[in-house]
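Just below is one structure, and these are the notes that go with it.
The values are calculated or read from the model by the stated rules, or taken from the named source; none is laboratory data. Source: prediction; values computed, not measured. Positions of Cβ are backbone-derived with ideal geometry, glycine not excepted, and every protein chain shown enters the neighbour counts. We work out accessible area using only protein heavy atoms, side chains counted, and drop any ligands, DNA or RNA first. Shrake-Rupley method; radii C 1.70, N 1.55, O 1.52, S 1.80 Å.
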Amino acid sequence: MPKNFEFSTQPQVVNEVHGVLDRVNAFTEKVRTGAHTGATGKKLLNVVAIGIGGSQLGPEFVNEALRA
């Protein structure tokens with residue numbers, strides 16, 4: 001959905017979604033470049049997602065963003 005898309009009933013929702021997408025993009029770029037490191041200070045190479053159930057969409061979204 002383009003950033004200038006008009007969502008007739010709740011336009012703030014589109015802005016919020018794009019805000020989240022922008023933050024995910026910034027985070028994944030930091031991970032890829034090594035600016036965001038793990039607890040040891042080393043570049044992150046692997047991701048382990050551990051959950052207790054519920055939606056897999058969030059972790060899958062981040063996984064796809066990091067793979068791109």
Any pair with Cβ under 9 angstrom, 6 or more apart, that starts in the range 16-38 at a residue that is over 20 Å from residue 60 (Cβ atoms) and ends at one that is modelled with pLDDT of 90 or more and loosely packed, with under 12 Cβ neighbours inside 10 Å: 34/42
Matching residues, the range 1-60, being among the small types (Gly, Ala, Ser), modelled with pLDDT of 90 or more and open to solvent by less than 100 Å² (accessible area, probe 1.4 Å): 19, 26, 34, 35, 38, 41
